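K.L.:
So that we are looking at the same thing, I have put the structure below in structure tokens.
Bear in mind these aren't lab numbers, they're just calculated from the coordinates by the rules spelled out. For clarity, every value in this text was computed on a predicted model and none was experimentally measured. Note that we place each Cβ from the backbone using ideal geometry, even for glycine, and neighbour counts take in every protein chain shown.
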């Protein structure tokens, strides 16, 4: 079981295939095993590097709060430790949050950026339905992966037409379950993830992929990411839910590989310099409070926008009356 010491944690990692390196970043409270059902479709073209987040799955790490910036630093540190100067980065769900932060903080490590079924976070993002969110959290805490979790991950049509395949895929979400401390740490990391105001700073060529029947992370988030990241492209997987890559692997493979064909070769971004680069390790431990501050700022902007909309509505009413 290969492990690598990174930022005080020992991260489990795997390397499969040959070609351009692609770092696969997994989601909330699950191990990299979730990529296994579709990994073979990519290994003839890419060297796929997958890993478990600190304290999750097969990775070790201190049982204390973490943040998306810390998880992004882990991803960058893993690449450095493996001697990989830069890689394409494909982050899914919470992994997409990590991928955004990785592109912002460590642009020299990122070539092409694929953001799957994810969100910019904060109060300006579209929220999941309460039932799906509760199912995800409950599954992470008690380790169960029942039909109620399937409703959060897969579309209704897929669950109805392929019940046996749903059960097979759910088993990958249950492998290497995390501790409750790790679940809570990642929960708060996602709560205080908010890149909305910084998306315009991402310079990596970006593909945003999303199932258009995703109820856990509504598709409005994908549209926001694609609109705010310069030059980003949006690819929707028709009829697919949150786990779009598992539900429709052939369609997803075609969308992703066609994008790489059109955009390649993609070089790594320029490294950050000056004070911002030197301050990054110092700001990392304050990821949660900084994230909370950004969330508060987004909330203030959202409230101001709503006030402006109301004032415009009243002005329009007055004009009509006249």
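K.L.:
Looking at the range 3-321, what % of its DSSP beta bridges pair antiparallel, to the nearest 5? Please report the intermediate quantities before stating the final value.
P.N.:
Working: 9 of 32 bridges.
Bridges in the range 3-321 that DSSP calls antiparallel: roughly 30 percent.
K.L.:
Just how far, in whole angstrom, is the range 175-209 from the range 56-82 if you go by their alpha carbon centroids?
P.N.:
12
K.L.:
Ok, one more. Going by how many other beta carbons lie within 10 Å of each one, how would you line up 47, 101, fewest first?
P.N.:
47, 101
K.L.:
Find the centroid of the Cα atoms in the range 89-119 and in the range 12-28, then give the distance between the two in whole Å.
P.N.:
First find each Cα centre; the distance between them is then 13 Å.
K.L.:
Within 10 Å of each residue's Cβ, count the other Cβ atoms and sort 1, 94 from fewest upward. Could you put the intermediate results ahead of the total?
P.N.:
Details: 1 6, 94 27.
By the 10 Å Cβ count, ascending, the order reads 1, 94.
K.L.:
Order of 194-201, 160-167, 270-277 by packing, highest average Cβ count within 10 Å first?
P.N.:
The most tightly packed comes first, giving 194-201, 160-167, 270-277.
K.L.:
Along the Cα→Cβ direction, 7 angstrom out, place labels at residue 297 and residue 84. What is the inter-label distance in nm?
P.N.:
3.1
K.L.:
Which distance in nm do the two modelled labels at residue 160 and residue 18 give, with both placed 7 Å along the Cα-to-Cβ direction?
P.N.:
4.7
K.L.:
Right, next: Please compute the length gained on full extension between residue 275 and residue 257, using 0.36 nm multiplied by the number of residues separating them and subtracting their Cα-Cα distance.
P.N.:
Result for the pair: 2.8 nm of gain on full extension.
K.L.:
Please state the shape class of the range 168-215: rounded when a/c is under 1.5, otherwise prolate if a/b exceeds b/c and oblate if not, all from the C-alpha gyration tensor.
P.N.:
Because a/c hits 1.5 or more and a/b fails to exceed b/c, the range 168-215 counts as oblate.
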